[in-house]
Each structure stands twice: as C-alpha cells, then as structure tokens.
Amino acid sequence: MAMAILFLILGCFAEVESMLSHPDKITKLPGQPTLQFQQFSGYVTVDDRKQRALFYYFVEAEKDPSSKPLVLWLNGGPGCSSIGVGAFSENGPLRPNGQVLDRNEYSWNREANMLYLDTPIGVGFSYSTNTSEYGTVNDEITARVNIFFLQRWFLKFPQYAHTPLFITGESYAGHYVPQLAKLMIKFNKKKMVFNLKGIALGNPLLDFTTDLNSRAEYFWSHGLITDSTYNMFTSMCNYSQYVREYYRDNVSPVCSRAMSQVNRETSRFVDKYDVTLDVCIPSVLSQSKFIAPQQNAERIDVCVEDEIVNYLNRKDVQKALHARLVGVRRWDVCSNILDYDMLNLEIPTISIVGSLVKEGIPVLIYSGDQDSVIPLTGSRTLVNALAQELGLKTTVPYRVWFEGKQVGGWTQVYGNVLSFATIRGASHEAPFSKPKRSLVLFKSFLEGIPLPDATVRR
Ligand SMILES: *[C@@H]1O[C@H](CO)[C@@H](O)[C@H](O)[C@H]1NC(C)=O
Ligand SMILES: *[C@@H]1O[C@H](CO)[C@@H](O)[C@H](O)[C@H]1NC(C)=O
C-alpha cells in the first residue's frame, strides 16, 4: 500500500516535470503540422570526459504516453542514421516533403513512445570530439555506448525508467539489438535496471554466410540472374566469399568475375532493397550499402531531390532539433567519417538471439519479402533452425496473417516466444514501403499476441 502511494506521488512529480519545459523539448519543427503529442531531441554524453555525445529524437505516444511502452529503434549500416532513416522515412510521425512535414498516419507512436538513436559516434548528428576514435569503433564499443546512453537518457526522462522497454531495429541492427539486449541482461543480473520486454528485428543480419548466400537464390527465383550465373554464384564464388574478400582488400579473380556477371544481369536499375521498386528512391534506402558492397560501383543519383537530406541540413531545422554538426560539413544519411570494423559483419548474432529466448525475452524476426539484400529465406531458415536447437515447438503453424481484408504476410511462432513473420510486398525498409502492414505487425508484437488470422476477414 505504502509502495503504491509512493509511486503515485512520484507519478505526479513526473507529470509536473513534463509540464514544465524540458530542456530537450522541441517547440516546433519547421513546417510541422499541429501535433497532439510531445517531441524531444538532443544529446547525451556517453563518456566522463564529455568527448562523445549521441543524438536522439524521442516522440511520445499519440495518446496516453504514460500507459504505453518505450521502444528504442536502431537503423543499421553500420553507420546510418536512425533519425534520418527510421524516424523521418519509416515509422516516425513526420515525413519531410519539400518545405513541410507530412503526417505519417501509420506512425509507430500510435502504439508506443518511440526513441530513435543515432549510433555509434560519427553517425547522423552524433559525434566524438576526438576524431581518431572514428577508426576504432566495432560491435562491442557500440553496445557499450548504447547502454551507457540509455542509462543517462533515463536520468533525463526518469518517468520512463521503469516503463516496459522493447528494442527494435533493422538490417545491421541485427547485430546492435541482440548485443545491447545481452548486455542489459548482464546488467540486470547485478541489479534490475532495464525492464526489457522484447526485441524485434527487420531484415536483420544474423548470420553472415546464411544471410548473404540466400541472395543468389533470391536473385535467381525473381528472374534477376540466369541459370548459369546462379551456378557460378553458388559454386565458383558465393556472395559471402566475395564480401569476405572485399573487406580484406583481396578480391580474387574468380569472385571478381562472378560478381561482374551478377551485377551485369541484375543491373543498376533495380533497387536491391526492393526488387519490384523503381530506382528513384531516397538515399535513405542505401542503409545497407556496407552489407552489400559493390566493386567499382558508379554512384548514380537518379533522385535529384532527397527530402530528408535537404530537410536535416537546414540550419533552422538543426536549431529546432537542438542538433549541431561537429567535425562534418553536412548531415549525411550514412556516415562518411566512421570507419567501422567491417570484419564484425562476420560475427554471428543468431546465437545471442537464442540466449535471449532462453532468458524468456520474446523475439520477433520479420522480413520485407521484396528485399534481396537480407532475403526472407535466410532469416526464416535461421529462425527455424534456432527453434529446433532450443527444442521449441510450433505454437502457431506457418500461416497467412491479415491486415484488413488482405494477406499482410506469413507467420510462424515457436514456443510462444520466438516469432517469424514476413510483410508481403515490403522492402528492406518495411515500414517505409508497407506502413499499414508494418503497424499491424508492430502492435501484435507489443501486445504479445499472434498476428490477425483469417477470422478477422469476413
Ligand atoms: C583519442 O582517441 C584515440 C583512439 O581511441 C586515443 O588513443 C587517444 O588517447 C584519444 N585522445 C584523447 C586526447 O583523448
Ligand atoms: C561459400 O564459399 C565458401 C568458400 O568457397 C565455402 O566454404 C562455403 O561452403 C560456401 N557456402 C555456400 C552456402 O555455398
């Protein structure tokens, strides 16, 4: 009883505090419509010498934020901005359109308080004043700055410190998210600090060879390469072999030949992140250029206009966001100064996902099914194998799920804790290309219930 009263009082303070102006509160972003929820952004220093600072953007839930969970979203790269990609083109409430910001009707802040983090240092508006540090960043350092960030962020927003927390992300966040969650569980073993309730990963890199080598079959089955090129790409030099050689500056003649042939047939004019999309798409969709490096690739910029790059480079926008450019002349979707340890691509994280499941943390792996960079087939194989290894029985058999009257994709659940789902017609950036379906998926994930089945159809 005493506890309950204490919490009530604390709750009141939190209310009062949020009514007084928070230093990171965004008064108004240039061109934004009137909003019924609060936005915050700014920096959190992540070392005691205050050399490193990570930039975040936080949008409270549209309705009743204190009753909604807190969701951290991370984009991949490594080196791409979660604010630029995630918030302003995928699942955030606002999307730049010329001089104004349009509302995204399917924003994830309809269901949760959304926290977007530019990580690690050197990404988006995040920085280190010691530029030699940009050459030393890897998965381990990223996980450590991320957890340090969260601890300090909760000091700024104490009313969220005990809120149910979910970590979500995409692409290379298939490394960041499980690694951060693992570190949280380690911290929690000493003293409960993180109220972690689940993780969700979209088209994630979980296992270098399985994920990368599922590309050949995807290309072949979608008509992007011929039978003979498929044979070359699976026997002479497969894709994981090529990327391995590429990041060791040692591409063999045979791999060089195989890749040239693949590139010639797939062509530069099809978007590899959505094989059915035309190429004129924002540069934010290039977030996995590091996962899918291209030798001698000519950088074609078919889109003259790039709304997000233009918007986030405006001085008035940066001022409104409490952001600044440190050590760079302009804001970029993916960092040009970060020199991430690319051999970390080869670190398997599916085993970390397994350890999280064993701890009882719900995990959702989902795939935009038009993506050839991290195709659904590799992810599905990995999840299925993990379920077998952990001895998890199928609790929802492979079946379609619905968004309205249409099939939103397919799903399977193992042991009520490990889920796989596809999003039909979606790209690597699923919430960008299929926002409505992605929101249905997100809501089910947060509520811990299976995706809607045919009974909702009628
Ligand atoms: C800058 O970073 C480098 C690489 O981590 C480190 O060796 C050096 O001591 C740092 N310099 C300062 C002044 O902190
Ligand atoms: C990819 O190529 C490497 C090196 O030739 C080989 O060890 C590996 O088994 C191949 N993987 C697949 C899935 O073909």
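The values are calculated or read from the model by the stated rules, or taken from the named source; none is laboratory data. Since this is a predicted model, take the numbers as computed values, not measurements. Please note: Cβ atoms are built from the backbone with ideal geometry, for glycine as well, and neighbour counts cover all protein chains shown.
Descriptive notes on the structure:
- Pairs, first assigned by TED's automatic domain parsing to the domain that holds Arg52 in the range 148-161, second crowded, with 17+ Cβ neighbours inside 10 Å and of a type in the set (Asp, Glu), C-beta under 8 Å, six or more apart: Lys156/Asp24
- Strands (runs of 3 or more DSSP E) (entirely within the range 390-453) containing at least 1 residues that are under 17 Å from the mean Cα position of the chain (by Cα): 418-423
A quick yes/no check of all residues on (1) modelled with pLDDT under 95; (2) more than 29 Å from the chain's Cα centre (by Cα); (3) part of a helix (DSSP H, G or I); (4) within 16 Å of ligand 1 (Cβ to nearest atom):
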| site | (1), (2), (3), (4) |
| --- | --- |
| Trp220 | no, no, yes, no |
| Phe233 | no, no, yes, no |
| Gln241 | no, no, yes, no |
| Val251 | no, yes, no, no |
| Val254 | no, yes, yes, no |
| Ala258 | no, yes, yes, no |
| Asn263 | yes, no, yes, no |
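- When we screen Ile167, Ile141 for residues that are of a type in the set (A, V, I, L, M, F, W, C), more than 16 Å from ligand 1 (Cβ to nearest atom) and farther than 28 Å from Lys319 by Cβ, the only hit is Ile167.
- Filtered residues of the range 124-138 (kept if part of a loop (DSSP other than H, G, I, E, B) and either of a type in the set (Lys, Arg) or closer than 22 Å to Arg314 by Cα (or both)): Gly124, Phe125, Ser126
- Scanning the range 173-188 finds no residues that are surrounded by fewer than 23 Cβ atoms within 10 Å (Cβ to Cβ), closer than 18 Å to Leu376 by Cβ, modelled with pLDDT of 95 or more and in contact with an Asp or Glu (Cβ under 7 Å, 6 or more places away or on another chain).
Here's the yes/no breakdown for (1) charged (D, E, K, R); (2) farther than 22 Å from Ser367 by Cα; (3) more than 16 Å from ligand 2 (Cβ to nearest atom):
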| residue | (1), (2), (3) |
| --- | --- |
| Ala161 | no, yes, yes |
| Tyr176 | no, no, yes |
| Phe194 | no, yes, yes |
| Lys197 | yes, no, yes |
| Ala216 | no, no, no |
| Ser228 | no, yes, yes |
| Ser235 | no, yes, no |
| Val251 | no, yes, no |
| Ala258 | no, yes, no |
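- Across the range 149-187, the number of residues qualifying as outside any strand (DSSP E or B) and within 24 Å of Pro65 (Cα to Cα) comes to 19.
- Odd one out for Thr142, checked against (1) among the β-branched types (Val, Ile, Thr); (2) in a loop (DSSP other than H, G, I, E, B); (3) out of contact with any Gly (no Cβ under 6 Å at 6 or more places or on another chain): (2)
- Of the listed requirements (1) of a type outside the set (Val, Ile, Thr); (2) at pLDDT below 95; (3) in contact with a strand residue (DSSP E or B) (Cβ under 8 Å, 6 or more places away or on another chain), Ser267 misses just one: (3).
Here is a yes/no grid of residues against (1) at pLDDT below 95; (2) touching a Gly at 6+ places or on another chain (Cβ under 8 Å):
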| position | (1), (2) |
| --- | --- |
| Ser351 | no, no |
| Gly360 | no, no |
| Ser379 | no, no |
| Ala387 | no, yes |
| Leu392 | no, yes |
| Pro397 | no, no |
| Glu429 | yes, yes |
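- Filter result (surrounded by fewer than 18 Cβ atoms within 10 Å (Cβ to Cβ), over 24 Å from Cys80 (Cα atoms) and of a type outside the set (Asp, Glu)) within the range 36-64: Gln36, Phe37, Gln38, Arg49, Lys63
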